[in-house]
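Worksheet: one structure, shown below.
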Amino acid sequence: MAAAPEIVPYSQVRHDLWRPLAGVSRRYVAVVSLLLAITLWGLFCWGYQLREGIGVAGIRRPVFWGFYIVNFVFWIGISHAGTLISAILRLTEAQWRKPVTRAAEAITVFALMIGGMFPIIHLGRAWIFYWLIPYPNSRLLWPNFRSPLLWDLTAISTYLTGSTIYLFLPLIPDVAQLAQHATGWRRRLYRTLSLGWTGSDREWHALERAMKLMAAMILAVAVSVHTVVAWDFSMAIAPMWHSTIFGPYFVVGAIFSGIAALLIVMSIVRKAMHFEAYLTPHHFDNLAKLLLLMSLLWLYFSFAENLTVWYGNEPKEMNVFGVRTRGTFSIYFWTMVFCNFVVPFVLLGIKRLRSIRTATIASVAVLIGMWLERYIIVVPTLAVTRLSSVSGGYSPTWVEISITTATFAAMGLLYLLFSKLFPIVSVWEFEPHPAEED
Amino acid sequence: MAIDLDRCTGCQACVAACHAENNLPVSDPESAAKGRAFHWIRVDRYYEGEFPEIRVKYMPVLCQQCDEAPCEPVCPVYATYKNEEGLNVQVYNRCVGTRYCANNCPYSVRFFNWFDPKWPAPLDLQHNPDVSIRMTGVMEKCTFCIQRIQRVERSAKEEDRPVADGEIQPACVQSCPAEAMVFGDLNDRESKVSRLAESGRATRLLEDLGTRPKVFYLQKAE
């Protein structure tokens, strides 16, 4: 195990963590260009969809919602990585959190930016999405506050604003330090972002208070956001959507996939930036245990949800239950159970097997499983309607698949650019400081 | 509206009439196979018994104009709402295309414009000037032929008289050769449709959901 960062002198820490900011390697350029190309292709596909009509996607009657909504829920879920985890760790004053929080908070902001795009991509007339916003308009029209979609818009824009602030606050002392050492446009950028930070006692206290306050508030917002996303479904009277358990079920699923995303990002950052001394097996071990816990919680919720439907044996619900577990969608269902429970349970539950590598493998499995979970929730309910005369399958087209792929590329791209501009591990938190001691 | 299932022969005249009246786009076989055909009214078939002793029952299904319409509260922009006459109306210009309403409709009677509508020649020359053509990305559904309702109400107002029972005929009602469909004012207890709705032969579709549909299906009580 590498030396704990606390023992390393602060100047060394700063040197290590700033190192990735300087210079651009050929590999970095290659990866960025590839991701950029995929992202642009996705944007092109969206343009094509706007021009031709949403019909270029595979959605149809009665499956009016498809990949876009699945991706929406998935990315909003991923966004729970950051804020929630870092806020919990910050509030409980878990000391091991320090190298983890910024990486997590950045995931939140980027995943939200991507996830928040999907309801717009999904719209039939995306160019007038702002009609959902209660802005003053000449016809004095209000949006419909009874609609869960409006709650959604409110929740997500609040969350995006909040988590951006939450990412930004702990960044201020870092950019202020960077501003002293950088030159050229970087210096101007860091100086602007540091908001005139001088490092006085008053500023430190204000910052500490602001971070505490934001951590507490962002927790409530994060929980409410995914609850509201769940309500998009459970407020409908469709079989197996109309479930009281959906709010907490979705929150648990979101935290679950969020931790998985964080573990993957951390292991990539560790390897690519040689942060072995900062992101230690200790961090991975702690997060892996958290992932295992969430896996069990997820299993509990899924079991409760499905058992009550099966036991209640209501025909309409059982139709959906049937196609999920035994019919067309059963392969996705059982793959989901395998990825979300069996893999993490075996790899992380058995202590001998738990390592950085297995935690990463389990995390990839969880992301696949959680994506499938959203697919299992969205599509079968719509495919099986109440009147037997209307039914239909769903298969995505190349447009939906391209846009979906592009969002993963966009996530990588945003992350790479961010980590080139800002230290992905918070530097100042390693500095022994009076504000920390009291 | 009341629909007598014992009279319905499943001839689909209502479907054709609705298409012509309401400027419904015509689907080609490929898009129909993709589930993208438009039929504001459709005829569902239910089979009773085993072949060869089989009986087919037909049930025309259109927007049920529910009093407690599940499609209405979920629309974020009020594109679907209840108008003063109790009709569940769809405002095409306001619709942004979230498609939530269609997901929440237990009768699956809502249709989405996946593309700009197309009509093969010469059908593009026979549009009904009283009905707007819907653009890409908006939802649409049966309106109970609101243009016909308004026309009759307007002329009744000009002539300073009440609308007579049976004077308003949506295209499906007008075209039904078996006269299985009756349209009228449910608030008027003397109207034909009110009497049919209270006749004891009337049931409503998926009534247990509490949507309070305004379409009554009549059939012989078993």
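Going through region A:228-255 one residue at a time, which ones are in contact (Cβ under 8 Å) with a residue 60 or more places away in the chain, of a type in the set (Val, Ile, Thr) and surrounded by fewer than 22 Cβ atoms within 10 Å (Cβ to Cβ)?
A:245, the sole residue that qualifies.
In region A:92-117, what residues are within 29 Å of residue A:52 (Cα to Cα) and without any contact (Cβ under 8 Å) to a residue 60 or more places away in the chain? First the steps, then the outcome.
Filtering region A:92-117 down to residues within 29 Å of residue A:52 (Cα to Cα) leaves A:110-117.
Within region A:92-117, A:112, A:115, A:116 qualify.
What number of residues within region B:64-83 are within 13 Å of another protein chain (Cβ to nearest Cβ), surrounded by 20 or more Cβ atoms within 10 Å (Cβ to Cβ) and touching a residue at least 40 places away in the same chain (Cβ under 8 Å)?
Number of matching residues: 6.
Looking only at region B:153-177, which residues are within 22 Å of residue B:215 (Cβ to Cβ), surrounded by 15 or more Cβ atoms within 10 Å (Cβ to Cβ) and of a type in the set (A, V, I, L, M)?
Within region B:153-177, B:163, B:168, B:171, B:173 qualify.
Could you list, in sequence order, all residues of region A:243-271 that are within 18 Å of residue A:361 (Cβ to Cβ) and of a type in the set (A, V, I, L, M, F, W, C)?
A:256, A:259, A:260, A:261, A:262, A:263, A:264, A:265, A:266, A:268, A:269
Return the residue satisfying two criteria in turn: it lies in region B:109-124 and is of a type outside the set (Asp, Glu) and free of Cβ contacts under 8 Å to residues at least 24 places away in the same chain, and of such residues it is surrounded by the most Cβ atoms within 10 Å (Cβ to Cβ).
So the first thing to find is which residues in region B:109-124 are of a type outside the set (Asp, Glu), and the list is B:109-115, B:117-123.
Right, trim to free of Cβ contacts under 8 Å to residues at least 24 places away in the same chain and you get B:115, B:121-122.
Numbers: B:115: 16, B:121: 6, B:122: 7.
Here the answer is B:115.
Please return the ranges of helices (runs of 4 or more DSSP H) entirely within region A:8-83 where 2 or more residues are in contact with a helix residue (DSSP H, G or I) (Cβ under 8 Å, 6 or more places away or on another chain), more than 26 Å from residue A:158 (Cβ to Cβ) and within 14 Å of chain B (Cβ to nearest Cβ).
Working: elements: A:10-18, A:26-52, A:67-78.
Answer list for region A:8-83: A:26-52.
Say we look at region B:1-23 and pick out the residues that are assigned to a loop (DSSP other than H, G, I, E, B) and charged (D, E, K, R); which of these is farthest from residue B:166 (Cα to Cα)? Reasoning before the result, please.
Within region B:1-23, the subset assigned to a loop (DSSP other than H, G, I, E, B) is B:1, B:5-12, B:22-23.
Narrowing the set further to residues that are charged (D, E, K, R) leaves B:6-7.
Values: B:6: 21, B:7: 18 Å.
Within region B:1-23, the match that is farthest from residue B:166 (Cα to Cα) is B:6.
Give me a count of the residues in region A:106-132 that are more than 10 Å from chain B (Cβ to nearest Cβ) and either part of a loop (DSSP other than H, G, I, E, B) or surrounded by 19 or more Cβ atoms within 10 Å (Cβ to Cβ) (or both).
13
Test residue A:355 against the criterion of being modelled with pLDDT of 90 or more and small (Gly, Ala, Ser), and give yes or no.
no
Taking region B:111-141 as the region of interest, how many residues are within 14 Å of chain A (Cβ to nearest Cβ) and assigned to a loop (DSSP other than H, G, I, E, B)?
The first filter runs over region B:111-141 and keeps only residues within 14 Å of chain A (Cβ to nearest Cβ), leaving B:111-118, B:134-141.
From what's left, assigned to a loop (DSSP other than H, G, I, E, B): B:113-118, B:134-138, B:141.
Residues that pass the stated criteria total 12.
Residues in region A:302-311: is at least one within 23 Å of the chain's Cα centre (by Cα) and either touching a residue at least 12 places away in the same chain (Cβ under 8 Å) or at positive phi (or both)?
Yes, region A:302-311 contains at least one residue that is within 23 Å of the chain's Cα centre (by Cα) and either touching a residue at least 12 places away in the same chain (Cβ under 8 Å) or at positive phi (or both).
Enumerate the helices (runs of 4 or more DSSP H) found wholly within region A:225-326, keeping only those where 1 or more residues are of a type in the set (Gly, Ala, Ser) and closer than 27 Å to residue A:115 by Cα. Walk me through how you get there before you give the answer.
Working: elements: A:246-273, A:281-312, A:315-325.
In region A:225-326, the matching helices (runs of 4 or more DSSP H) lie at A:246-273, A:281-312.
State whether one or more residues within region A:145-167 are without any contact (Cβ under 8 Å) to a residue 60 or more places away in the chain, assigned to a helix (DSSP H, G or I), of a type outside the set (S, T, N, Q) and within 13 Å of another protein chain (Cβ to nearest Cβ).
Yes, region A:145-167 contains at least one residue that is without any contact (Cβ under 8 Å) to a residue 60 or more places away in the chain, assigned to a helix (DSSP H, G or I), of a type outside the set (S, T, N, Q) and within 13 Å of another protein chain (Cβ to nearest Cβ).
Filter region B:73-89 for residues that are assigned to a loop (DSSP other than H, G, I, E, B) and not small (Gly, Ala, Ser); which is nearest to the chain's Cα centre (by Cα)?
So the residue we want is B:87.
What about residue A:412, is it away from chain B (no Cβ under 14 Å) and either under 26 Å from residue A:25 (Cα atoms) or of a type in the set (Asp, Glu) (or both)?
So residue A:412 fits the description; yes.
Which residues, counting only those in region B:24-72, are in a loop (DSSP other than H, G, I, E, B), within 18 Å of the chain's Cα centre (by Cα) and either among the basic types (Lys, Arg) or more than 30 Å from residue A:236 (Cα to Cα) (or both)?
Selection gives B:26, B:36.
List pairs: first in region A:9-29 and closer than 15 Å to residue A:418 by Cα, second among the polar types (S, T, N, Q), Cβ under 9 Å, 6+ apart or cross-chain?
A:17/A:426; A:18/A:177; A:20/A:419; A:21/A:419
The values are calculated or read from the model by the stated rules, or taken from the named source; none is laboratory data. What you see is a predicted model; the values in this text were computed from it and never measured. A quick note on method: Cβ atoms are made from the backbone with ideal geometry, for glycine too, and the neighbour counts reach across all protein chains shown.
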